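Below: one structure, written as structure tokens.
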Amino acid sequence: MIPAPFSLAEPFLFLALLLLCLDLLLLSGEGTMTAFRSKTASFAAMLGCLLVITSYLLLTLGFVTDAFFLREVYSYSSSSLSLAFKLGGPWISGNGSLLFIALLLSLLYLGYRRFGGQENSVYQYTTYRVLDVILIIFTLVPLLQSPFSEVTPATPDGISMSPLLQTFWVLIHPPVIFLGYVLVFFAFALMVSALITGQQEHLRSRWYTGSLLAAWLFLAMGIALGGYWSYVVLGWGGYWAWDPVETASLLPWLALTAYFHLPSPGNKRLKELTLMVTFSLVLYATAVTRGGFSPSLHAFGASPVGYLFLGIALAFIVSFLFLFWKRGLHLPPLEVDLRSVPSISFTIAFASIVALLAVCFIGVTLPVLGGIAGIPFSVGGEFFTAACFPLILALAAAFIGCGSSLTRERFAGLLILTLAIGGICALLRFPTPNTLADFGLPLLVVSGGIILVRLGLTLRKKYFSPRQWGRTLIHFSLILILLGVLVSSAAETETMSVPVRAGSSADLFGTSVVVTDILVYPGVGQVYYPTHGFVGPEHASLTVQAEVENGEIRVQRPLVMSYYPLYGMVSVPTVISTLDRDIYLSVHPSNTSQDTLVRALMGADVSPGEVVLSVKVVPFIALIWTGIALMGLGMMVILVGELVRRR
Amino acid sequence: MLIRPLYLVVLVLIGGSIFLVYSALAPSINPYLSVSQVRSGAYAEREVQVLAILEDWAVGDEGALMLRLSDGNATLNVTYRGLPPQGLTKGQKIVAIGVLHPPDGLNATRLLVKCPSKYE
């Protein structure tokens, strides 16, 4: 029996569900709306949202007060877990994260209901109804997969969070990406409402434009933060693995990017359709992640929630298309001026983004279909590389033409010349050992150079256009990211594991490592061991004090490796970053180090013996992170500019 | 000049990408095999992708990682000479990709271990 106040969380969610349904019901007859009915509906919705928020706070309270009788707290926390991870526990945990999405949606809905304006308009009532439906879904799912289920019998402690999750990045990556998802839901609700009521002028509001641009920004930064987390902690220097879950998260962002690159910006129908695709892809990404349809580095086991989200996405698509058909709407033709290089470039950019989206969708969906059919298989990263490479080059070519005053002939000549240089570089295998990278680099460099010139010209203008500034920055940042990806992946070097002892040194492909000392720390922390039924120390660690020298770099860094009986050997890599390369240094598990740490965990006084080190040198990886930062800046410039303009 | 059915241009581009997708996709589809399937003899000297439970592992000569994978019915020895993934624990599901050399086992070039995140 779960004690109060935690026992109230599920009833609160259920009550919130009922209140949101009541709001939906009361708003359904907007033609006969009375002041009393409108106020009752508003009260029901606000109370419903507050109950969702309270349920979330109760889960957070469970984490903070070590309520290990709650399965979610037991599975992701322990008494020795730091407060920051306890506060983040709800969104880090599996079922709690669904409640976190409901929380974000509730907060946004409350804000819109309070400050959205025009309280009594038909458009507003319709928007509330759509938001009600979405919030009902995201309140229902945590009830079906409840984070408030009980552990019986109760345990004295929890099994704690995986040590790989106990990093700063887990505190920001999920909230950022979830916020992106929720903003897509919100913009979708505003758009559907405009479509139902025929009041398209609302799609020029700050709420709509702001939420779309903010969603674009948050989705991009969420994906980037996940990549950086993987690079510095999880993936031994790998930031992207084309895993189905990673690629699925890219889908809504690509769809939203296509939205902002429609060749006919005034084409409302096409915009509506693209946003519908984005919305469905958010639900699809959630289904792929949680459904466990195919083996993935991220998804854990099959869950009915995956099928539920697939069903919801299909239901929305069918309803939307029905609405389209019922209102007699059809897609008008796109427009392109074949005499204008910017117009052609814009169309190429749009087509490339759509094709990239198609490639990623196919690569994610085939294993999902295979998994559902009981024939598990994966689609290798080579597929994505081979299929995306020409599309990326087409996009880079489009950047050259976008906003340029070149004639068609000169534009074509420049492209042919650049590609010819790329061909020669590929034949000579210069400047990297990778032919594809060598072929693409000249085009990227020329494209980047032209965008830089354009940026310089924009700076000289008296009139500051946030949209133009932001767009140029985003294009330049994408070129930087692509350059970083091509060069770093084509020219990275990696050593084999080399055993070292305290006082010894090793030369690892030009990187000198002197080990001054190795310190062993006995068992720390406290977790519950379910197999043995007792509470014991969480982990033991060893720290290698190392002096690292590579070229002009000379630094002293501690390298830490720990043994967690519940999670195995975990090493915290050290990344020494410079402008032109990263030195990625790590300690690796060996029989000796594992024995040492197991005995230290048991409380024995042990000497460290030898440890195994490895070094990886990744050139120009800083281009990727700089590009991502500039992309975020560019998106923010556009967002703030639009918010100010539409004030 | 206004092109009314510009969708045709987009369709040609999408068609082109479908062709690219197809040519890239065909060699990139890798089935997940069980240890029993791999041990049947049909995959000798071929690159395979095995999804199995990690029974045991140790660091062998020259830092190579020696793993024993199982599907409950058969076991497979795997040698891996790269950087071992984080948090390798007995009893977890892993994917080993490499060339099968019977009777020695699998010479893995990649080891995949699930990311611990469950939150998206």
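Structure summary
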item	result
Qualifying residue in the stretch A:498-518 (condition: in contact with a helix residue (DSSP H, G or I) (Cβ under 6 Å, 6 or more places away or on another chain) and either of a type in the set (V, I, T) or in contact (Cβ under 8 Å) with a residue 60 or more places away in the chain (or both))	no
Test: residue in the stretch A:150-159 that is touching a residue at least 24 places away in the same chain (Cβ under 8 Å), closer than 26 Å to A:L25 by Cβ and assigned by TED's automatic domain parsing to the domain that holds A:L190	no
From the options A:F377, A:F384, residue that is surrounded by 15 or more Cβ atoms within 10 Å (Cβ to Cβ) and within 22 Å of the chain's Cα centre (by Cα)	A:F384
Boolean, A:H261 is under 21 Å from A:M221 (Cβ atoms) and at pLDDT 90 or above	yes
Checklist (1) within 13 Å of chain B (Cβ to nearest Cβ); (2) under 24 Å from A:K326 (Cβ atoms) applied to A:S193, failing item	(1)
Qualifying residues in the stretch A:468-512 (those that are more than 22 Å from A:I392 (Cα to Cα) and among the acidic types (D, E)) - the one farthest from the chain's Cα centre (by Cα)	A:D507
Answer residue from the stretch B:26-44, given it is in a strand (DSSP E or B) and modelled with pLDDT under 85 and is surrounded by the most Cβ atoms within 10 Å (Cβ to Cβ) among those	B:N30
Positions within the stretch B:45-102 being outside any loop (DSSP other than H, G, I, E, B), facing chain A (nearest Cβ under 8 Å) and more than 22 Å from A:S378 (Cα to Cα), in sequence order	B:A58, B:V59, B:E62, B:G63
The stretch A:19-41: number of residues that are among the hydrophobic types (A, V, I, L, M, F, W, C) and exposed (fewer than 13 other Cβ atoms within 10 Å of the Cβ)	2
Hits in the stretch B:103-114 (condition: within 12 Å of chain A (Cβ to nearest Cβ) and not in a strand (DSSP E or B))	B:K114
Answer residue from the stretch A:82-96, given it is within 10 Å of chain B (Cβ to nearest Cβ) and hydrophobic (A, V, I, L, M, F, W, C) and is surrounded by the most Cβ atoms within 10 Å (Cβ to Cβ) among those	A:I92
Unmet requirement for A:G449, which otherwise passes all of (1) buried (at least 19 other Cβ atoms within 10 Å of the Cβ); (2) small (G, A, S); (3) at pLDDT 90 or above	(1)
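Conditions (1) outside the structural domain of A:V498 (by TED's automatic domain parsing); (2) crowded, with 22+ Cβ neighbours inside 10 Å, marked per residue:
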{"site": "A:Y564", "(1), (2)": "no, yes"}
{"site": "A:T574", "(1), (2)": "no, no"}
{"site": "A:M602", "(1), (2)": "no, no"}
{"site": "A:S607", "(1), (2)": "no, no"}
{"site": "A:V611", "(1), (2)": "no, yes"}
{"site": "A:G627", "(1), (2)": "yes, yes"}
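The values are calculated or read from the model by the stated rules, or taken from the named source; none is laboratory data. What you see is a predicted model; the values in this text were computed from it and never measured. Cβ atoms come from the backbone with ideal geometry, glycine included; neighbour counts cover every protein chain shown.
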